[in-house]
Amino acid sequence: MPKQSSWKVDVKSLSHNQIVDLLEKLQGGGQQDIILSLRQELIGRARIRGLSDAEIVRSLSRAVPRSLRLQEVAKEWAEALGLTVEEFKRIANVR
């Protein structure tokens, strides 16, 4: 079995914009461990700025259709927030 290539990213040293750019570039590329660490870093920084999990969820789901797309966003971000997909969607749908 061929060995998977791996690389490490020092997410703490990246700016917010660099993290977002890297997340966009990694979408669909199979580097789930790096994607998760990047998302967790962004969430950690938002929490440090005083945002609650509910505020973060609402920000991530703002302008997202409440159908299949919300399900995708919830699947992408719930783990990084320490929530289930159902919890993420429930918070996103609270007005």
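The values are calculated or read from the model by the stated rules, or taken from the named source; none is laboratory data. In this text the structure is predicted, and so the values were computed from the model without any measurement. All Cβ positions, glycine included, derive from the backbone under ideal geometry; neighbour counts span all protein chains shown.
Data table
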| read-out | value |
| --- | --- |
| Test for Ser37: is it under 14 Å from the mean Cα position of the chain (by Cα), within 24 Å of Lys12 (Cα to Cα) and at pLDDT 90 or above | yes |
| Flag if Leu70 is over 17 Å from Gln32 (Cβ atoms), out of contact with any Leu (no Cβ under 9 Å at 6 or more places or on another chain) and crowded, with 17+ Cβ neighbours inside 10 Å | yes |
| Residue satisfying condition, being farther than 21 Å from Ala92 by Cβ, surrounded by 12 or more Cβ atoms within 10 Å (Cβ to Cβ) and of a type outside the set (S, T, N, Q), within set Ile43, Ile19, Ile35 | Ile19 |
| Flag for Ala54 being on the phi > 0 side of the Ramachandran plot and surrounded by fewer than 17 Cβ atoms within 10 Å (Cβ to Cβ) | no |
| Failed criterion for Ser52 (all others in (1) more than 26 Å from Asp33 (Cβ to Cβ); (2) touching a helix residue (DSSP H, G or I) at 6+ places or on another chain (Cβ under 7 Å); (3) polar (S, T, N, Q) hold) | (2) |
| Scan of the stretch 73-87 for residues that are surrounded by 11 or more Cβ atoms within 10 Å (Cβ to Cβ) and within 20 Å of Asp33 (Cα to Cα), ordered by number | Val73, Ala74, Lys75, Glu76, Trp77, Ala78, Glu79, Ala80, Leu81, Leu83, Thr84, Val85 |
| Matching residues, the stretch 45-62, being closer than 19 Å to Ala74 by Cβ and either at pLDDT 95 or above or not basic (Lys, Arg) (or both) | Ala46, Arg47, Leu51, Ser52, Asp53, Ala54, Glu55, Ile56, Val57, Ser59, Leu60, Ser61 |
| Helices (runs of 4 or more DSSP H) fully within the chain counting 2 or more residues that are of a type in the set (Ser, Thr, Tyr) | 53-61 |
| Any hit, the stretch 45-55, residues being of a type in the set (Ser, Thr, Tyr) and over 11 Å from the mean Cα position of the chain (by Cα) | yes |
